[in-house]
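Engineer: First, the structure itself, so that you have it in front of you.
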Amino acid sequence: DFGRSSELAFVVEPSDDIAVQEQPLILYCQVEGIQPITITWRKNGVMIVDSENAFMLANGSLYVSRFQRVRGDGSSDEGEYDCMAQNHYGLVVSRKAKIQAATMSDFHIHPQNAVVEEGGVARFQCQIHGLPEPVILWHKNSMPVNTDNERYTLLPKGVLQITGLRAEDSGIFHCVATNIANVKFSREARLTVSGSHSTVYKDPMILVGPENLTLTVHQTAVLECIATGNPRPIVSWSRLDGRPIGVEGIQVLGTGNLMISDLTVQHSGIYVCAANKPGTRVRRTAQGSLVVQAPAEFVQHPQSISRPVGTTAIFTCVAQGEPPPQITWLRNGQILETSDHIKLKNNNSTLSIYGINQADEAIYQCLAENSAGSTQASARLTVLWADGLPSPPQGVRAETVSATTIQVSWEKPLQNTKEIIGYVLHIRKAADPVEMEYQEAVSKSTFQQLVTDLEPSTSYSFYIKAYTSRGASKASEVTVVSTLGEVPAMPSLFIKVINSTTVQATWEPSIKLGQHEGFKLYYRKVHLSQYTGPVLLASNVTAYNITHLDASVVYEVKLLAYNQHGDGNSTVRFVSLRETVERTVLNPPCDCMKDEQNNKTSTTGIIIGIHIGVTCIIFCILFLMFGYRGRLLMCKNVQEQLSTPQIPRSQRSATGLVLNGATRRDREDRDLNGKQLDMNELERLFPASPSQEQQEKGITVSPAGWEHTWLCIRELSLIIEEQPDPLPKNPHGSSPAALAPNHSPANEG
């Protein structure tokens, strides 16, 4: 019983039909519900009056005695029929039944003569339009074609395919089209099978590919594909979207035609026929689209409901189909007009009736319709009304208190006030739809309510209902009043220093300030009492630059928003430009273009400098290595010179100890005091006057060679120091040099 009203509903509705010329036609309509029920019929929206040609039967069906496509007066029995049923609960309308006359046109495609070699493929076609769709049969030599022969394939659209031709297939062919309106014969065509089977290679070729088809669910689709080639190509099918075709209801007719039985919406898509040469990847393809439509059907039916007066009634009607159906609502058989308290949402799937009253009690129908068909479902709204309910509250008044507050007052109803348990105040912006309404409950002893949190300069509507345990009263009269206006809120002000003479003031977007007409901007030096301004700015402006300022003083900036009700509170900020001037002096502005060029140049210079530096380091290391080796050779020569004259072993050992000790002691002193041996020590060790033996041999030591000699001795002493010291330390902590006798510088030399 889904989608039916128990008070009045259809059991049988008229269906689409194809009528035969001059034959009777019956359209069925059966209704159940509470009597008395009146049934009437309409054609194309116009009431049908009983006549000799068309009249209603006792069971409510419509009888057309002699259906005519065109009558003498130019009228026609073709059209859309529906029946209407009415009782004192309401009126319902059936689905529309489309009635068409059975017809058949002449053939617009006839079979053509064909000459095909043995082993090839022959195809004949004839086409004719008619209602209902004509059934086409083929005759060969005036006899029906033997459909048991697997080489003969008859397709529903009037196509005959013959594969693997043989000599006995030659003959004269024609087709016969039949439906309830007529029978017609096509012209004849001769098939000639010539020669013997050829062995010459031929690429695969598709003679005829699939056509684009639009069908309805549960029908059968035949996609034609006939291919030739030598060797005989293999025909295969696929979907362009890659989805599998499936196996249920799928059948191959002949050598490659695809038949899909009991169509569903999921069968819609583009189908690809491929002719492949056996054992290779050589192929030819053709494609065609299949569109499967589904008539509208309900997923969710509207349900009959009962609601008290003043409440909200909601009906839901969800339908599906392909293409998606359009939903229309009827109220007692008439198209439902929306208003302030009747709204349609969600693509007309949801019907909402706000503040229902007794006039809204009716049968509501949901009609779902698309190109594949239509359907309807109905539900009844019962408005509950109890005797003895209070009358509407009286004297409703609303007074504005402030920009956000209104006080509403009323008087108790005139009748049936003893059972009142409270009042409900209904509040809504006057410009908002009814569904935006909200309520506030009030005790039965209170006759006024302060409504707060309203918006300034806005109109509101109010009405009151009195409630009892058995239901609510009717609504009181509606009163509308507006809140007072108010000045805008304080804007959020931010100050940004641009340079030494300019600052920028920015503030929040205007939507956060409430209703306002614009802004006023003031500024002054803090030590002055007079402001500069106001600078008037439009409501959509959110920034302003203040220029020509003195960098040595502090400024006060003030911003406020204003409207027709006055100026709002101001926001004040202080700003100093002195730090900006100091930063400018310390960090002068740069020429960015010049710096960019310098950066490019300096980058190249850095790379060249790195190469030069690495080269210099390598040369320095080589120079030091070879120079150190040369000094060692020179020091060896000096050592040989210093070894003359010969000193006894005992003295030489002691002298070596003295020299070694003196060198170590001198080095320790140098490490502690950070000083080197001076020239006096060099003169003492190497006197300027040569010895007598040297003079005799012609050897002289020039003062200029002292430094070089000293360096060599120093290096030799470092080498000696690195060797292990065989002498034990003195128990008293003194060095071995302290134990040696004191020799003169001459002897040491």
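Engineer: Failed condition for Glu133, given (1) under 21 Å from Arg69 (Cα atoms); (2) not in a loop (DSSP other than H, G, I, E, B), with all others met?
Structural biologist: The number of the failed condition is (2).
Engineer: Output the residues belonging to region 158-177 that are charged (D, E, K, R), open to solvent by 50 Å² or more (accessible area, probe 1.4 Å) and in contact with a strand residue (DSSP E or B) (Cβ under 7 Å, 6 or more places away or on another chain).
Structural biologist: Once the filter is applied, which keeps residues that are charged (D, E, K, R), open to solvent by 50 Å² or more (accessible area, probe 1.4 Å) and in contact with a strand residue (DSSP E or B) (Cβ under 7 Å, 6 or more places away or on another chain), region 158-177 yields only Arg166.
Engineer: Can you name every residue in region 323-375 that is of a type in the set (Asp, Glu) and either in contact (Cβ under 8 Å) with a residue 12 or more places away in the chain or assigned by the TED database to the domain that holds Val93 (or both)?
Structural biologist: Matches in region 323-375: Asp340, Asp360, Glu361, Glu369.
Engineer: Is it the case, given these coordinates, that Gln407 is in the same structural domain as Ala441 (by the TED database) and not in a strand (DSSP E or B)?
Structural biologist: no
Engineer: I want to confirm something. Restricting to region 104-119 and keeping residues that are open to solvent by 40 Å² or more (accessible area, probe 1.4 Å) and assigned to a strand (DSSP E or B), which single residue is modelled with the lowest pLDDT?
Structural biologist: This residue is Glu117.
Engineer: Let me ask something additional. Let me confirm something: among Ser461, Ser445, which residue is more than 13 Å from Gln407 (Cα to Cα) and at pLDDT 90 or above?
Structural biologist: One residue alone meets the criteria, Ser445.
Engineer: Residues in region 447-469: is at least one in a loop (DSSP other than H, G, I, E, B), free of Cβ contacts under 8 Å to residues at least 60 places away in the same chain, among the hydroxyl-bearing types (Ser, Thr, Tyr) and surrounded by 15 or more Cβ atoms within 10 Å (Cβ to Cβ)?
Structural biologist: yes
Engineer: Another question, then. Does region 475-492 contain at least one residue that is closer than 17 Å to Ala561 by Cβ and loosely packed, with under 14 Cβ neighbours inside 10 Å?
Structural biologist: Yes, some residue in region 475-492 is closer than 17 Å to Ala561 by Cβ and loosely packed, with under 14 Cβ neighbours inside 10 Å.
Engineer: Further question: Just to be sure before I move on: is Ala538 at pLDDT below 90 and either open to solvent by less than 60 Å² (accessible area, probe 1.4 Å) or among the polar types (S, T, N, Q) (or both) in the structure I sent?
Structural biologist: In short, yes.
Engineer: Could you list, in sequence order, the residues of region 178-207 that are over 30 Å from Gly373 (Cα atoms) and buried (at least 17 other Cβ atoms within 10 Å of the Cβ)?
Structural biologist: Selection gives Lys184, Ser186, Ala189, Leu191, Val193, Pro204, Ile206.
To keep it simple, each residue is scored yes or no on (1) at pLDDT below 70; (2) among the hydroxyl-bearing types (Ser, Thr, Tyr); (3) surrounded by 10 or more Cβ atoms within 10 Å (Cβ to Cβ); (4) within 48 Å of the chain's Cα centre (by Cα).
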position: Asn569; (1), (2), (3), (4): no, no, yes, yes
position: Val572; (1), (2), (3), (4): no, no, yes, yes
position: Val575; (1), (2), (3), (4): no, no, yes, yes
position: Val581; (1), (2), (3), (4): yes, no, yes, no
position: Val585; (1), (2), (3), (4): yes, no, no, no
position: Pro588; (1), (2), (3), (4): yes, no, no, no
position: Met593; (1), (2), (3), (4): yes, no, no, yes
position: Glu596; (1), (2), (3), (4): yes, no, yes, yes
position: Gly609; (1), (2), (3), (4): no, no, yes, no
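Engineer: Quick one: in region 177-223, which of the residues that are touching an Asp or Glu at 6+ places or on another chain (Cβ under 9 Å) and part of a strand (DSSP E or B) is farthest from Gln112 (Cα to Cα)?
Structural biologist: That would be Leu223.
Engineer: Now a separate question. For region 120-154, which positions are among the hydrophobic types (A, V, I, L, M, F, W, C) and open to solvent by 50 Å² or more (accessible area, probe 1.4 Å)?
Structural biologist: Leu131, Val135, Leu137, Met143, Leu154
Engineer: Could you grab me the full set of residues in region 214-271 that are surrounded by 17 or more Cβ atoms within 10 Å (Cβ to Cβ), of a type in the set (S, T, N, Q) and more than 16 Å from Leu290 (Cβ to Cβ)?
Structural biologist: Thr228, Thr255
Engineer: Taking strands (runs of 3 or more DSSP E) that do not extend beyond region 52-103, which have at least 3 residues that are touching a Lys or Arg at 6+ places or on another chain (Cβ under 7 Å) and either in contact (Cβ under 8 Å) with a residue 60 or more places away in the chain or open to solvent by less than 60 Å² (accessible area, probe 1.4 Å) (or both)?
Structural biologist: Per the criteria, 79-87.
Engineer: Take the residues of region 421-446 that are part of a loop (DSSP other than H, G, I, E, B) and open to solvent by less than 70 Å² (accessible area, probe 1.4 Å): which is nearest to Val478 (Cα to Cα)?
Structural biologist: Looking at residues that are part of a loop (DSSP other than H, G, I, E, B) and open to solvent by less than 70 Å² (accessible area, probe 1.4 Å), I get Ala430.
Engineer: Search region 279-326 for residues being within 30 Å of the chain's Cα centre (by Cα) and part of a loop (DSSP other than H, G, I, E, B), and hand back the single one that is nearest to Gln376 (Cα to Cα).
Structural biologist: Among those residues, the one meeting the criterion is Cys317.
Engineer: Same structure again: Where residues in region 328-366 are in contact with a helix residue (DSSP H, G or I) (Cβ under 8 Å, 6 or more places away or on another chain) and not β-branched (Val, Ile, Thr), which of them is least open to solvent (accessible area, probe 1.4 Å)?
Structural biologist: Restricting to residues being in contact with a helix residue (DSSP H, G or I) (Cβ under 8 Å, 6 or more places away or on another chain) and not β-branched (Val, Ile, Thr), the top hit is Ser352.
Engineer: Where the second residue is outside any strand (DSSP E or B) and open to solvent by less than 40 Å² (accessible area, probe 1.4 Å) and the first is among the β-branched types (Val, Ile, Thr) and lies in region 130-141, which pairs have Cβ atoms under 6 Å and are six or more apart or on separate chains?
Structural biologist: Listed pairs, sorted by first residue: Ile136/Gly158.
Engineer: List the pairs whose first member sits in region 294-311 and is under 20 Å from Leu389 (Cβ atoms), whose second member is open to solvent by 40 Å² or more (accessible area, probe 1.4 Å) and among the basic types (Lys, Arg), and whose Cβ atoms are under 8 Å apart, counting only residues at least 6 apart or on separate chains?
Structural biologist: Note: pairs meeting the criteria are Val309/Lys474; Gly310/Lys474.
The values are calculated or read from the model by the stated rules, or taken from the named source; none is laboratory data. Since the structure is predicted, the reported quantities are computational estimates derived from the model, not experimental observations. In this analysis, Cβ positions are derived from the backbone assuming ideal geometry, glycine residues included, and neighbour counts consider all displayed protein chains. Surface accessibility is based on the protein's heavy atoms, side chains included, excluding ligands, DNA and RNA. Shrake-Rupley method; radii C 1.70, N 1.55, O 1.52, S 1.80 Å.
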